[in-house]
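Following: one structure in structure tokens, then a few remarks.
The values are calculated or read from the model by the stated rules, or taken from the named source; none is laboratory data. Note that this is a predicted model, so its numbers are computed, not measured. FYI the Cβ positions are ideal-geometry reconstructions off the backbone, even for glycines, and counts take in every protein chain you see.
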């Protein structure tokens, strides 16, 4: 992943209200007004956050008449997932080692 893309992804996710918007969109697509009401935020603020999320690839919008509906985009999360892959391997190794250790401890306590 290119550094500029990484910066855009993490800048987008660094803001707590953007993460709240992502959480609200996890239930399905919504309009700006619906998001503003659900999150108790001003509509202009939600629009600005949605612009950042759209530019970073986390959400897309569909225009229907006068309404814009927003939904999550898997591609933004795929880029985040790709960045996290080496770190996930690190955690997997540590968790596997912990599981082995706990199994050994349990075996020691089971033996008479």
Kindly indicate the residue of segment 78-110 that is in contact with a helix residue (DSSP H, G or I) (Cβ under 9 Å, 6 or more places away or on another chain) and free of Cβ contacts under 8 Å to residues at least 40 places away in the same chain and also farthest from residue 12 (Cα to Cα) among those meeting that condition.
88
Can you tell me which residues in segment 56-70 are on the phi < 0 side of the Ramachandran plot and surrounded by 13 or more Cβ atoms within 10 Å (Cβ to Cβ)?
56, 58, 59, 60, 61, 68, 69, 70
I'd like the full set of residues that are surrounded by 18 or more Cβ atoms within 10 Å (Cβ to Cβ) and either under 17 Å from residue 13 (Cα atoms) or free of Cβ contacts under 8 Å to residues at least 40 places away in the same chain (or both), limited to segment 30-40.
32, 35, 36
I need the full set of residues from segment 28-86 which are farther than 21 Å from residue 16 by Cβ, assigned to a helix (DSSP H, G or I) and either at pLDDT 95 or above or more than 17 Å from the chain's Cα centre (by Cα) (or both), in order please.
86
